Amino acid sequence: GENVEQHPSTLSVQEGDSAVIKCTYSDSASNYFPWYKQELGKRPQLIIDIRSNVGEKKDQRIAVTLNKTAKHFSLHITETQPEDSAVYFCAASPPSQFYFGTGTSLTVIP
Amino acid sequence: GAVVSQHPSWVICKSGTSVKIECRSLDFQATTMFWYRQFPKQSLMLMATSNEGSKATYEQGVEKDKFLINHASLTLSTLTVTSAHPEDSSFYICSATARGLIGMQPQHFGDGTRLSIL
């Protein structure tokens, strides 16, 4: 089955700096890669996703890049704000399942 | 956007009690629902995948007789924790995917249920 690794597990940045979270996957059949943000005690919320026919996608301060050859994808958050503090999960999806990474706890220091 | 409602949000009960958690897709038909368990500061652990009208597929190590899943309609799936014990205390979250190729549709999550067994 699919194996998704996510790094780093914790990340602290100063407000205004950029944050980068990286994930790797193992199953070449994975063709959909969503990113979720989960605040403490709340539901994971989809923040951005990318499909395998696209190499990069951007939505305001958030961007995701995908390298299918190397089987890795990354989340980039620019101009971080305190409200970006949360746990972020990547996921890789072959046609019949979702596999989540272990999560990254992001802290944005004011 | 797609909305998934999960109830109850918090349950406290005595050991030996069975607890039912409901997961509903409010504005779309969910052909597949997922049930996760999440421990503090840890990732989502998939327990089972539930397809409407068929038996759930359980992940390795998850007892199907302990965690009964029913997906009777395109908008409702239930998870029943039977004879719950303190070690079953956890945060349980459901998610739903709309009709289509599963791998191409995002999951929409419920708010989760915090289960505390005394």
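No lab work stands behind these numbers, since they all come straight from the coordinates. Everything numeric here is computed off the predicted structure, so don't read it as measured data. Methodologically, a virtual Cβ is constructed for each residue, glycine included, from the backbone with ideal geometry; neighbour enumeration extends over all protein chains shown.
Okay, here's what the table says:
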| read-out | value |
| --- | --- |
| Exposed GluC sites (Glu not before Pro) absent - longest run of chain A, DSSP non-H/G/I/E/B, at most 14 other C-beta within 10 Å | A:40-78 |
| Phi to ³J(HN,Hα) by Karplus 6.51 cos²θ - 1.76 cosθ + 1.60 over segment A:64-69, Hz, x for Gly, Pro | 10, 10, 10, 10, 5, 4 |
| Distant alpha-carbon pairs in segment B:1-40 (separation over 17 angstrom), percent | 44 |
| Qualifying trypsin sites (Lys or Arg not before Pro) for segment B:33-101 [loop in DSSP, other Cβ within 10 Å: at most 16] | B:Lys41, B:Lys55, B:Lys64, B:Lys66, B:Arg99 |
| Translational D in µm²/s for chain B (Stokes-Einstein at 10 °C, 1.306 mPa s, Kirkwood Rh from C-alpha pairs) | 112 |
| Sites A:Glu39 and A:Asn67 - FRET efficiency at Förster radius 30 Å, r taken between beta-carbons, to 0.05 | 0.55 |
| DSSP bridge orientation in chain B - percent antiparallel, rounded to nearest 5 | 90 |
| Compactness relative to 2.2 N^0.38 Å, alpha carbon Rg of chain A | 1.01 |
| Cross-link table A:Lys42/B:Lys20; A:Lys22/B:Lys66; A:Lys22/A:Lys42; A:Lys71/B:Lys55; B:Lys41/B:Lys64, entries beyond 27 Å C-alpha to C-alpha | A:Lys22/B:Lys66; A:Lys71/B:Lys55 |
| Label-to-label distance, nm, for residues given as B:Ser89 and B:Ser54 (7 Å Cα→Cβ offset) | 3.8 |
| Cα centre as origin, Lys/Arg/Asp/Glu Cβ charges: the protein assembly as shown dipole, Debye | 340 |
| Inter-site label distance for B:Ile12 and A:Glu83 at 7 Å from Cα along Cβ, in nm | 3.2 |
| In segment B:5-35, the trypsin sites (Lys or Arg not before Pro) that fall in loop regions by DSSP, at most 15 other Cβ within 10 Å | B:Lys14 |
| Debye, to nearest 20: dipole size of chain B, +1 on Lys, Arg Cβ, -1 on Asp, Glu Cβ | 60 |
| Charge dipole of chain A about the Cα centre (unit charges at C-beta), most positive-ward option of A:Ser18, A:Pro82, A:Pro95 | A:Pro95 |
| Bins of 10 Å, starting at 0 and running to the largest distance - Cα pair percent for the protein assembly as shown | 8, 33, 35, 19, 5, 0 |
| Residue order, fewest to most surrounding Cβ atoms within 10 angstrom, among A:His7, B:His108 | A:His7, B:His108 |
| Dipole moment magnitude, nearest 20 debye, chain A about Cα centre, only Lys, Arg, Asp, Glu C-beta charged | 280 |
| Options B:Thr75, B:Leu44, B:Val4, ranked by Cα towards positive dipole end of the protein assembly as shown, top entry (Cβ charges) | B:Thr75 |
| Shape call, segment B:31-92: gyration tensor on alpha carbons, a/c limit 1.5 | prolate |
| Relative contact order %, chain B, counting alpha carbon pairs below 8 Å whose residues are six or more apart | 37 |
| Spatial separation of Cα centroids for segment A:1-53 and segment B:1-76, in angstrom | 23 |
